[in-house]
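Chemist: Here it is: the structure, laid out below.
The values are calculated or read from the model by the stated rules, or taken from the named source; none is laboratory data. Just so it is clear, the model here is predicted, and its values are computed rather than measured. Positions of Cβ are backbone-derived with ideal geometry, glycine not excepted, and every protein chain shown enters the neighbour counts. Surface areas here come from the heavy atoms of the whole protein model, side chains and all, with no ligands, DNA or RNA. Shrake-Rupley method; radii C 1.70, N 1.55, O 1.52, S 1.80 Å.
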Amino acid sequence: MTEQCSLRKAGAEGLRFNSPLSEARASHLIDLVTDDAPTSLIDLGCGKGALLLWAVQSHSGLHGTGIDSDAAMIARAGQEARRLSLQGRAAFITGDAVQWAAPQSQAGICVGASHIFGGIEPTLIRLGELVPHGRVLVADGFWAADPDAWCLETFGSLPVGLDGFSALATNAGWRVVDARASTQQEWDDFEAGWRSGVEAVGTDEARSYASSRRQEYEQHYRSILSFSWLVLAQ
């Protein structure tokens, strides 16, 4: 299990964004989130901080703070901020996003991290507390088609359809500014990049693990599991 955890991290290491997200979509989403010219941005479960750094780098008046429980990822984010000369405008904290006593912010991000808070609904509530008057980007999985038993056991309960995901946001008091799903090409590129990162480890176990991941993707969740990208406003 420890080896598999290490291999999963290796898979993420080779990706700019650890999600099915193209650079074109990243630019579009950040432009929407920062439409009101916020000066502060928080990222809950930021990982290596790629999307936060993208936002800060592309909007000169923006300062960002990311938090994640993975100390190695936070160290990587800090290194990248220094490489980009953004250390004065992008801060990264190792900690628990649930317990984080963060000041209110003017914009927020939470991508693929709703499990931290126990689901989509509590994530939306937490973002509402931290970003009471701005826009947020919330992204996570949903079922685009009927999942099989393997999918349900592996990924658990997810919203059904993009409309179902959007309805959760509306019911939580948010206004949906923009709602889209990752394209199949974004998914294929993400999976291929992830497998390449694992294979780059160079061991037989790594190659076997990457091969198993490919089989799972092609046989079970390709075109079944999708990923939402919602920009919301209070």
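Chemist: Would you grab the residues whose amide H sits under 5 Å from the one on Ala90? Only those 5+ places off in sequence or on another chain, please, with H modelled 1.01 Å from N.
Modeler: Sorted by chain and number, the residues that satisfy this are Gly64.
Chemist: Translational diffusion coefficient, Stokes-Einstein: compute it for the chain using the Kirkwood radius over C-alpha pairs as Rh, at 25 °C and 0.890 mPa s, and state it as an integer in µm² s⁻¹. Show your work: numbers first, answer last.
Modeler: Details: Rh = 18.2 Å.
The calculation lands on 135 µm²/s.
Chemist: Can you tell which of Gly108, Gly119, Gly156 shows the greatest fluctuation in a Gaussian network model of the chain with Cα springs below 10 Å?
Modeler: For the chain, modelled as a Gaussian network with Cα springs under 10 Å, the answer is Gly156.
Chemist: Under 5 Å between amide H atoms, partner at least 5 residues away or on a different chain: which partners does Gly108 have, H built in plane at 1.01 Å?
Modeler: So Gly108 has HN proximity to Ile42, Arg135, Val136, Leu137.
Chemist: Ignoring ligands, DNA and RNA, please state the percent of accessible area on the chain from carbon and sulfur, probe 1.4 Å. Let's see the in-between values first.
Modeler: Values: 5370 of 11010 Å².
After summing per-atom areas, the C and S share lands at 49 percent.
Chemist: Sticking with this structure for a sec: With each label point set 7 Å from Cα along the Cα-Cβ vector, what nm distance links Ala75 and Arg180?
Modeler: Placing both labels 7 Å beyond Cα along the Cβ direction yields 3.6 nm.
Chemist: Compute the normalised compactness of region 59-100: alpha-carbon radius of gyration over 2.2 N^0.38 Å, N being the residue count.
Modeler: Working: Rg = 10.6 Å, N = 42, 2.2 N^0.38 = 9.1 Å.
This ratio for region 59-100 stands at 1.17.
Chemist: Between Leu168, Leu62, Leu84, which gets the highest mean-square fluctuation from a Gaussian network model of the chain, Cα cutoff 10 Å?
Modeler: Leu84
Chemist: Find the accessible area per residue for the chain; the probe is 1.4 Å, ligands and nucleic acids are left out, and the unit is Å². Before the final figure, lay out each step's value.
Modeler: On the way: 11010 Å² over 234 residues.
On a per-residue basis, 47 Å².
Chemist: Contour minus end-to-end for Asp163 and Arg214, with contour as 0.36 nm per residue of separation and end-to-end as the Cα-Cα distance? Before the final figure, lay out each step's value.
Modeler: Values: separation 51, 0.36 × 51 = 18.36 nm, distance 2.85 nm.
Result: 15.5 nm gained on full extension.
Chemist: Assuming a ≥ b ≥ c are the square roots of the Cα gyration tensor eigenvalues, decide whether region 141-225 counts as rounded (a/c under 1.5), prolate (otherwise, with a/b larger than b/c) or oblate.
Modeler: Numbers: a/c = 2.88, a/b = 2.05, b/c = 1.41.
Cα axes put region 141-225 in the prolate bin.
Chemist: Please compute the modelled spin-label separation between Gln104 and Ala37, points set 7 Å along Cα→Cβ, answer in nm with one decimal.
Modeler: 2.1
Chemist: Would you compute the Debye intensity of region 22-104 from its alpha-carbon atoms alone, equal scatterers and no solvent, and pass along log10 I(q)/I(0) at q = 0.21 Å⁻¹ to two decimals?
Modeler: -0.95
Chemist: For the chain, what proportion of DSSP beta bridges, expressed in % and rounded to the nearest 5, is antiparallel? Display every interim value, and only then the final one.
Modeler: On the way: 15 of 33 bridges.
Beta bridges within the chain, antiparallel portion: roughly 45 percent.
Chemist: Now for a separate question. Suppose each label sits 7 Å from its Cα in the direction of the beta carbon; what would the Ala149-Ser85 distance come out to in nanometres?
Modeler: 5.9
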